[in-house]
Each structure stands twice: as C-alpha cells, then as structure tokens.
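> Starting off with a structure, shown below.
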Amino acid sequence: MPYSQKAKMILDKDFKIAEIDPRIYGSFIEHLGRAVYGGIYEPDHPLADEKGFRTDVAGLVKELNVPIVRYPGGNFVSGYNWEDGVGPRDKRPRRLDLAWKTVETNQVGVNEFVDWCKLVNSEVMMAVNLGTRGVDAARNLLEYCNHPEGTYWSDLRISHGYKEPHKIRTWCLGNEMDGPWQIGHKTAEEYGRLAVETAKAMKWVDPDIELVACGSSNTAMPTFPQWEATTLEHAYDEVDYISLHQYYGNPSNDTASYLAKSLDMDNFIKTVISTCDFIKAKKRSKKTINLSFDEWNVWYHSNDADKKIAPWLIAPPQLEDVYNFEDALLVGCMLITFLKHADRVKIACLAQLVNVIAPIRTENGGMSWKQTIFYPYLHASLYGRGVALNPVISSPKYDCAEFTDVPYLESAAVYNEENEEVTLFAVNRHLKEGLYLECDIRSFEDYQVLEHIVLEHDDLKAVNTADAERVKPHHQGNAELKDGILIAILPKSSWNVIRLKKSEGSPG
Ligand code: AHR
C-alpha cells in the first residue's frame, strides 16, 4: 500500500448533529461594483430578459440552487434610502454611495430584486439601514414590502405594480455596525439600543419576520466578542440570529496555513455560540439565538486593483477577485465547517454571488463563467441537504506557521433520508500526498457508491477565465465499498464529494 497518509472514519446514521437549514447555502448581492449593474441586471445585454435581467447569469444562479440572497448590502445599506429605488425609473435619483465611492443610479431597487429572486427561485434576505437611518425607515420599508394593503406604504407598493405583498421573512438589522468604516458606526451600547427598538417596531408591523442582529465584522475586531454580549444584553428577546462575517486570504503565499483558516472560522463560531448561551443563561431565557454567517469567502486578490479605481464611477469593476484552485479548497473547508455546526448555524451567505468576490463572473455585454469556488459551493448546495452527521474521524495532522494540529482530512457527512443518500464531503489538505481513507459505514447497509466527484489541479494557482475553464470537477474518483468499508484515495490537495445511495430493491 503506497500511501503513507491514512485516515479513518466511522459514519453512522444515529450520529446526528441536526437537520441542515438549507439557508446555509445562501449568498449575497450588494449594490457594489458590477454585482447588480453588469451582473444580474444589464438591459442592453443580448441575453437580457424583458425585465433587464441577464438570463445567462440567472441560469448559473439557478444551477447553484441558492435558497436565500441577502440584499442590498453590506456597507452600501448604511447610507441607502430605499425609497430612491422604487417607483418610476426615470424619477429615481442618482446618489453618491459613500461606502464604495461610486454613483448609484437606483435603476434596481427592492421590487426589481424581489422579481430577480423569483426568477432564480431564491428567497430575499433584506437588510435595513441602521447607519444613517433607523426605526422609522425600517418599519416603513417593512410595511411597503409585507403589509397587504390599505396603508400609505402598502398602497404605494401596489401603485408601483406589486399587488401582492413580498412576504420577506428574514431581515438584517443593519450591517457591520461595529466597524469604523461603516457609515453611522456605533458603539455596542448604541447599536444594542437601536437594534432592540428597531426590532420591536418591525415585529409589531409583521410578527412573522425573523431578525438578524449584527455581530462582529470579523474575529480581529477589538470589540469581539464583547460586542455580541452587549448587543444581546439589549436585544436578546427581540432578535432571532446574530451575524458573523469573515474573509480570508493568502497574501503571504503560505498555503498550509491558508487551508487551515477554516479552523479559525470554527473557533469563531464556537465563541459566538458561547457568547449567545452566556447571555441566555444571564437572562434565564428559554430561547436560543442561532447564527447567521451572512458574509464569508476568500477576499484579497483584488485589493491592490481596487485602490486604483477612480471615485464616483457607475458600477466600476470593484472587488473582482479571480479565484484560484487553492481558494476553492478553502471554500470547501469553510462549507464543511458550517455543516459541523448545523445545529446553530442556520443561515450563511457566500459573499458575494456575481462579479464582486463571487463564484460567477461576467463581462459587460459578453460572457459569463464559473470561477473555481463555484464548484464546492455547487456540490454542497446540491448534495448537502438533509441531516448533518458527526463522523468520528482520525486523521494525520500537521503544524504550520499559524496553526498546530491541523488535520489533513477535513470532512463532514450528510444523510438525506428521503432520497436514501449519504454524501461525504472531504478536503485533503496535504499538498504533496494522497490520503488513504477508510470509512466504516456500519448502519448504511445496502448502500453503494453512486459517484466520487473530485476537484483537483496540479497548479494551486490555476484560475478559470472567460475562455478557459481550467479548474473543474471530474467524476473519476476511486471510492469503492468493500465489506461495509468505504475506501477512497483523496488526491493531494483535493475537494471530494463521495455520494452513496441505497441499492434499489434492498429492504427499507
Ligand atoms: O462583501 C463586501 C463587504 O465586506 C461588505 O459590504 C461589508 O459588509 C464587508 O465588510
């Protein structure tokens, strides 16, 4: 047996973590760069539909099966007047967007975004402006969107051609309010007070909504995790989720450390869970606050290019990271991390969806294509639905500059009882050697390997472009079953999806 790296796993249908909330495969569209204009919306494009939406982009989003999309920001929302984006298009004002130093034309607003989400079979996750605005604008927007009829704002929506209420269920109370870069940045005390008062008013308008309070912008914030504790001291009873945001990069080209960054994410999640539960205990509450990891991704490739973009352009190419193969591996590790925390992470949004740090790229007037990170996101979204299982894993480990005891094998499993399928997601972090995996699937009798999908590439820095898709999965993985043991070689630095299905005709 030529493989010196061996990992073992036990998988059992009774080792349940939780039912996976499909919203962990959510994403995000911000009025930023070419996400909206030139991304989802480009009326002059040859493939645009009658509403101006690019059908090629909508097709790729549908392929990803994205259950929920956060909108309209991000930093943008903290200076946004939602009223600018409704009503006749020729009357909509152009405004300076101070967050990204661009000019916003408001040709797309709330109603168009709701239309687009219908087109791609997604739910809207709407953020309200708690930077320059507050309770009043938030409750008005909610009334405009969700109240059936017979009031100023609901009738205004109807007059804009939307008879039926949008019924938007999930709402974010601002964005990254702990960050000094945010328009209307606040202290935790200020934000906690504003969040609870906004939440109260919004739930009075529509008691069926769910609310996400802003947590920390990342783990390096000096106020983390006191921010979460203070916010929840104020808003615990009124909100349902606390948000987490985190982006990673590999600017020092230390891939061993880079691929281990999901361990940092894992710690982040654990700390926020502990903080929520600490406040729960203090309040003697029966309610549990869950987590909305509503911005996550790799973000660093475009930082230098962005510094060169002149201010006050309309939809300039901002944050257009070109993702390479190793980025896809980290994205895979991050998705696995969400599955491990399926009991508490109920929403997660890959930030973002089109052009801006995104799995989908477009040319204005031209092609659209899949970046490398498209694939782990696709596989997790398609096959990661059901119950998250907790496999018992023993894997060889490594130390690197930033972490110690990093398992070469990063893995999670999902059991879809209805389809009688089990899917194993696995990253081999080893940069030089394949990993020999032996997995005891004991309780999954009569299951057989349906397919073993592999994303691998000799060049960690390989990228996809409009002309060439260099990084794409193949289905030639060698997973096989021998006497109830699943055996597979996970190639060096690879993302693997091993799908098992109960044999037809076997007893139920
Ligand atoms: O997703 C890009 C930006 O990252 C968002 O606008 C902001 O919330 C975060 O800092």
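> Could you provide, to the nearest whole Å², the per residue accessible area of the chain with probe 1.4 Å?
With the other protein chains kept in place, the chain gives 38 Å² per residue.
> Then there is this: In Å, what Rg and Dmax follow from the Cα atoms of the chain?
Considering the chain through its Cα atoms, Rg and Dmax are 22.8, 74 Å.
> Something else now. Cα to Cα, under 25 Å, and not fewer than 8 places away if on the same chain: which lysines meet these conditions relative to residue 286?
Qualifying lysines at Cα under 25 Å: 16, 200, 203, 270, 340, 346.
> Please calculate the 1.4 Å probe accessible area of residue 490, with all protein chains present, and give it to the nearest 10 Å².
Estimated to the nearest 10 Å², residue 490 gives 0 Å².
> Could I ask something else about it? Summing +1 for each Lys or Arg and -1 for each Asp or Glu, what net charge is found among the other residues whose Cβ lies under 14 Å from the Cβ of residue 146?
-2
> Give 6/397; 307/370; 62/261 a once-over and call out the pairs whose C-alpha atoms are over 18 Å from each other.
307/370; 62/261
> From the mean inverse distance of alpha carbon pairs (Kirkwood) and the Cα radius of gyration, derive Rg over Rh for segment 224-308.
1.11
> How far is helix 374-383 tilted, in degrees, relative to the longest principal axis of the Cα atoms in the chain, given as a value from 0 to 90 rounded to the nearest 10?
It is inclined by approximately 80 degrees.
> Please report the accessible area of residue 346 (heavy atoms, 1.4 Å probe, ligands and nucleic acids excluded) in Å², nearest 10.
Answer for residue 346: close to 40 Å² accessible.
> Among the DSSP beta bridges whose two residues both lie in segment 9-120, what percent are antiparallel, rounded to the nearest 5? Show your work: numbers first, answer last.
Working: 5 of 8 bridges.
Bridges in segment 9-120 are about 60 percent antiparallel.
> Counting pairs of alpha carbon atoms under 8 Å apart in space and at least six apart in sequence, what relative contact order in percent does segment 307-358 give? Mind showing how you got there, number by number?
Values: 20 pairs, mean separation 27.9, N = 52.
It rounds to 54 percent for segment 307-358.
> Let me ask something else. Determine the order of 153, 171 by accessible area, beginning with the largest, at a probe radius of 1.4 Å. The partial results should precede the final answer.
Details: 153 45, 171 0 Å².
Ranked from most to least accessible, the order is 153, 171.
> Using a 1.4 Å probe over the heavy atoms of the protein chains, calculate the carbon and sulfur portion of the accessible area of the chain as a whole percent.
On the chain, the fraction of accessible area on carbon and sulfur atoms equals 49 percent.
> Let me ask something else about it. So for the chain, taking the charge dipole from beta-carbon charges (+1 Lys/Arg, -1 Asp/Glu), which of 195, 33, 290 sits furthest toward the positive end?
195
> So in the chain, what percent of DSSP beta bridges are antiparallel if you round to the nearest 5?
On the way: 54 of 92 bridges.
Rounded to the nearest five, the antiparallel share is 60 percent.
> Once you charge only the Cβ atoms, +1 for Lys and Arg and -1 for Asp and Glu, what is the size of the charge dipole of segment 1-64 about its Cα centre, to the nearest 20 debye? Walk me through the intermediate numbers first.
Working: 9 positive and 11 negative charges, 93 e Å.
So the dipole magnitude of segment 1-64 works out to roughly 440 debye.
> Another question, if that's okay. If I take every Cα pair under 8 Å that is 6 or more residues apart in segment 1-150, average their sequence separation and divide by the length, what percent do I get for the relative contact order?
Reported as a whole number, the value is 22 percent.
> Under 17 Å Cα-Cα from residue 186, which aspartates and glutamates qualify once same-chain neighbours fewer than 8 residues away are excluded?
Candidates past the 8-residue exclusion: 176, 178, 197, 228, 233.
> Eigenvalues of the Cα gyration tensor times 5, then square-rooted: what semi-axes does that give for segment 149-218, in whole angstrom, largest first?
Details: eigenvalues 167, 34, 24 Å².
The answer is 29, 13, 11 Å, longest axis first.
> For the chain, calculate the relative contact order in percent as a whole number, restricting contacts to Cα pairs under 8 Å that are 6 or more residues apart. Working shown, then result.
Working: 1189 pairs, mean separation 99.9, N = 508.
It comes to 20 percent, rounded to a whole number.
> Assuming 1.567 mPa s and 4 °C, estimate D for segment 363-508 with Stokes-Einstein, Rh taken as the Kirkwood radius over Cα pairs, in µm²/s.
Approximately 78 µm²/s, per Stokes-Einstein.
> Where does the chain land at 222 nm, in deg cm²/dmol rounded to the nearest 500, when only DSSP H runs of n ≥ 4 count, each adding -39500 (n - 2.57), divided by all residues?
Rounded to the nearest 500, the figure is -7500 deg cm²/dmol.
> Right, something else. Looking at the calculated P(r) for segment 251-301, what percent of the C-alpha pair distances fall above 14 Å?
65
> Rank 429, 361, 133 by accessible area, highest first, at a 1.4 Å probe radius?
133, 361, 429
> Which value, in debye to the nearest 20, gives the size of the charge dipole of segment 145-192 about its Cα centre, when Lys and Arg are +1 and Asp and Glu are -1 at the Cβ?
260
> Mind grabbing the accessible area of residue 274 for me, 1.4 Å probe, Å², rounded to tens?
Its accessible surface works out to 70 Å², give or take rounding.
The values are calculated or read from the model by the stated rules, or taken from the named source; none is laboratory data. Note that this is a predicted model, so its numbers are computed, not measured. Because the Cβ atoms are built from the backbone with ideal geometry, glycine has one as well, and the counts that use them run over all protein chains shown. We work out accessible area using only protein heavy atoms, side chains counted, and drop any ligands, DNA or RNA first. Shrake-Rupley method; radii C 1.70, N 1.55, O 1.52, S 1.80 Å.
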